[in-house]
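Notes follow once the structure below has been shown.
The values are calculated or read from the model by the stated rules, or taken from the named source; none is laboratory data. The model shown is predicted, which means the values in this text are computed figures rather than measured ones. With ideal geometry, Cβ positions are generated from the backbone for all residues, glycine too; neighbour counts draw on all protein chains shown. We work out accessible area using only protein heavy atoms, side chains counted, and drop any ligands, DNA or RNA first. Shrake-Rupley method; radii C 1.70, N 1.55, O 1.52, S 1.80 Å.
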Amino acid sequence: MSVLEKGLQYRVDIFDVSTDGRGIGRIDGAAVFVEGALPGDTVVAELVHIKKNYLTAKTVEILTPSPDRRESFCPLAGECGGCSLQEMDYEGQLRLKEKWVVDKLTRIGGISSPKVHPIIGMEEPFRYRNKAQYALGRVQGAEKKSQGCNVGFYRAGSKRVVNCRTCPIQTEAAERLAAVLRSYVKNNKVPVYDPVSGTGLLRGLVVRSAFGTGSVMAILVATAKRLPNQDELIMAMDDALDGDWYLESVVLNVNKSKTGEVLGRDCITLAGHPVIRDEACGLKFEISPLSFYQVNPEQMEVLYGKVGEYAALTGTETVLDLYCGAGSIGLSLAKDAKKVVGIEVVKSAVVDANRNAVINGIINAEFILGKAEEVVPAVFAEEKPEAEDAAEVPEHLADAIRSADVVILDPPRQGCQPELLEAVLTIGPEKIVYVSCDPATLARDIKFLVANGYEFKEAQPVDMFPHSSHVECVTWLARVK
């Protein structure tokens, strides 16, 4: 084995890609993450960092391009940190993501030859996001005279904001509102937030676009409860939208935190309604600023259809929907269930979920505020929890949780907490349907469930995030008789 040195160049065959879009290969047996490389490439890579367990490098030359390599579709490729797979043909992206699911279930989950269906992709994988999350960044020098601030997305591995005037995966409505904000900051000399010093007023813009209705919500993120000339800004945003889109809500989100969280807890409705209204899966939804809602409405229909197929409800089952967000999964199942109980930690999302049940005339679904990993174990505890903020679960809902026939798990990227999985085992549902956006944590949790009385049946990957290194997957587990 040769002595590795930073700055030296090596020939590397790339066989995989990391979740941040870097190609993975080996140099003298050591794993190396190569910026600018794709699976199937053979590259000349310059060593940048030598870590204890891995190396990092950058591509200097592509000797043999991957058969899946193509020209970037975005002029900001290589600058913006999003769409890390955009230089890969879409069919190649789908094959790679399907492989990730199989590999993680096999290697981490310990499942030999898991039954994984071909991934379901999109016919037109552009303009698919209903939520744009723009960051704001200060500009220096000559740029400062021509524009007030950068409105866009972070550079990969950085907090530097790349000014993004157009994004092929966002809606045109989002792009127009971002353009209005640039002009507003420049004309009103609004101080942009600096995460290093913690100073400044305006720090972000989140745009939610309802594909089913055409309504748009603009969420302005700031460190104070009022913006200068905010009525002027609202009018300009309203004027910027036409055609298929209209401005239904403008919200000011107050975020003074220095932790890096995008949104704070306090929301002030500046104009219109405090929610955005959408239609999907044959249902009507009202979504508030902090509520989770799937970002790809076309693939959401596919995803929830698969959840319903795996749940295979007959009308006699009680369904427990954990990490339920605004209740979209549970409500889509309610027509075929005896009872649906959802649990969610975000208060506004629980309000949304219960209101959405009423809007759709669904009387057999109820949603509870609390952490799923605390609420579910608590219904089995002999004594009530002493914590002041512990959720009090009505006895009829506690009985429903304890006797659930089907449990839906849709946790955040880090997967389920061990205490929640233990509580699910105590319930002992006939079926578990696990919806995951991270194959690694999915496989970890499935390994635990399989080791404790459940059988992995099959999985269906769905490409919710084309051109990114993320993949959604629905998995069906059945209790061993």
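Laid out as a table, the results:
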item: The range 149-164 - residue that is open to solvent by less than 40 Å² (accessible area, probe 1.4 Å) and among the hydrophobic types (A, V, I, L, M, F, W, C) and, of those, nearest to residue 221 (Cα to Cα); result: 151
item: Flag if residue 309 is modelled with pLDDT under 95 and either surrounded by fewer than 18 Cβ atoms within 10 Å (Cβ to Cβ) or hydroxyl-bearing (Ser, Thr, Tyr) (or both); result: no
item: Scope the range 211-254; condition of a type in the set (Val, Ile, Thr) and either open to solvent by 20 Å² or more (accessible area, probe 1.4 Å) or touching a helix residue (DSSP H, G or I) at 6+ places or on another chain (Cβ under 9 Å) (or both); matching residues; result: 213, 216, 223, 234, 250
item: Residues that are free of Cβ contacts under 8 Å to residues at least 40 places away in the same chain and open to solvent by less than 30 Å² (accessible area, probe 1.4 Å), drawn from the range 47-63; result: 56
item: Leading residue by the ranking (surrounded by the most Cβ atoms within 10 Å (Cβ to Cβ)) among those in the range 16-42 that are touching a strand residue (DSSP E or B) at 6+ places or on another chain (Cβ under 6 Å) and farther than 22 Å from residue 97 by Cα; result: 27
item: Test for residue 352: is it buried (at least 23 other Cβ atoms within 10 Å of the Cβ), under 29 Å from residue 254 (Cβ atoms), touching a residue at least 60 places away in the same chain (Cβ under 8 Å) and charged (D, E, K, R); result: yes
item: Unique match (being without any contact (Cβ under 8 Å) to a residue 12 or more places away in the chain and either under 21 Å from the mean Cα position of the chain (by Cα) or in a loop (DSSP other than H, G, I, E, B) (or both)) among 66, 113, 84, 72; result: 113
item: Subset of the range 338-349 (residues that are without any contact (Cβ under 8 Å) to a residue 60 or more places away in the chain and either open to solvent by less than 30 Å² (accessible area, probe 1.4 Å) or on the phi > 0 side of the Ramachandran plot (or both)); result: 340, 342, 343, 344
